[in-house]
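> Sharing a structure, written as structure tokens. Questions coming.
The values are calculated or read from the model by the stated rules, or taken from the named source; none is laboratory data. All of these numbers come straight from a predicted model, not from anything done at the bench. Cβ placement follows ideal geometry from the backbone for every residue including glycine, while neighbour counts extend to all protein chains displayed. Side chains included, ligands, DNA and RNA excluded: accessible areas come from the protein's heavy atoms. Shrake-Rupley method; radii C 1.70, N 1.55, O 1.52, S 1.80 Å.
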Amino acid sequence: TVGGEFRMDTTVISETVNLTSRVEQLTKSFGTMVQITEATRALLKDSDAYALRRVDRVRAGQDEETILDVYEAYGAEADTVRAARDATLPTFQRALDAYHARLFEEAQRLFSRVRTMDPNDRAAQVYLDRCKTILQQFTAF
């Protein structure tokens, strides 16, 4: 409960709520149904049963050094979506690794391959757009 003498309010304030909000925003950006953090993935008895793919990294709270991987759980998607994600998974993961290593030309090439194989992969398109923007900024100098 926060407030003063004339106004009181009840709210939730915590790093967990902030992290949840960031993951929820990624769900919207990437057009995914369900995303979980590394912490949740670690609690799963058999994470392979959930058809997970790493889609991003986020900072955990105020600690600038704590980075958590975020996973798309696509096991409940339509059969065609699951099959496409499974087929592109190795390429998507290599592309994401290249992106985080700041190898943007390589990441762009790999994300383009993912989009060719799965034109409906919005996460791949988001990263492809990011790579193009970053590479355009580099060539502007």
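> Going through segment 76-118 one residue at a time, which ones are assigned to a loop (DSSP other than H, G, I, E, B) and either open to solvent by 50 Å² or more (accessible area, probe 1.4 Å) or in contact with a strand residue (DSSP E or B) (Cβ under 8 Å, 6 or more places away or on another chain) (or both)? Don't jump to the end; show me each part of the working.
The initial filter retains those residues of segment 76-118 that are assigned to a loop (DSSP other than H, G, I, E, B), namely 76-78, 101-103, 118.
The answer is A76, A78, A101, R102, L103.
> So how many residues does segment 127-141 have that are among the charged types (D, E, K, R) and exposed (fewer than 14 other Cβ atoms within 10 Å of the Cβ)?
Pass one, segment 127-141, residues among the charged types (D, E, K, R): 129-130, 132.
With the extra rule that they be exposed (fewer than 14 other Cβ atoms within 10 Å of the Cβ), the set shrinks to 129.
Summing the residues that are among the charged types (D, E, K, R) and exposed (fewer than 14 other Cβ atoms within 10 Å of the Cβ) in segment 127-141 gives 1.
> Looking only at segment 23-30, decide whether some residue is surrounded by 14 or more Cβ atoms within 10 Å (Cβ to Cβ) and either among the aromatic types (F, W, Y) or at pLDDT 75 or above (or both).
Yes, the conditions are met somewhere in segment 23-30.
> Now for a different question. In this structure, is A124 under 14 Å from T32 (Cα atoms), at pLDDT 95 or above and open to solvent by less than 30 Å² (accessible area, probe 1.4 Å)? Break it down stepwise before answering.
Numbers: under 14 Å from T32 (Cα atoms): yes; at pLDDT 95 or above: yes; open to solvent by less than 30 Å² (accessible area, probe 1.4 Å): yes.
The answer is yes for A124.
> Cβ-Cβ distance below 7 Å, separation of 6 or more or different chains: which pairs start in segment 101-121 with a residue that is aliphatic (A, V, I, L, M) and end on one that is open to solvent by 90 Å² or more (accessible area, probe 1.4 Å) and modelled with pLDDT of 95 or more?
Every condition considered, the pairs that remain are L110/R94.
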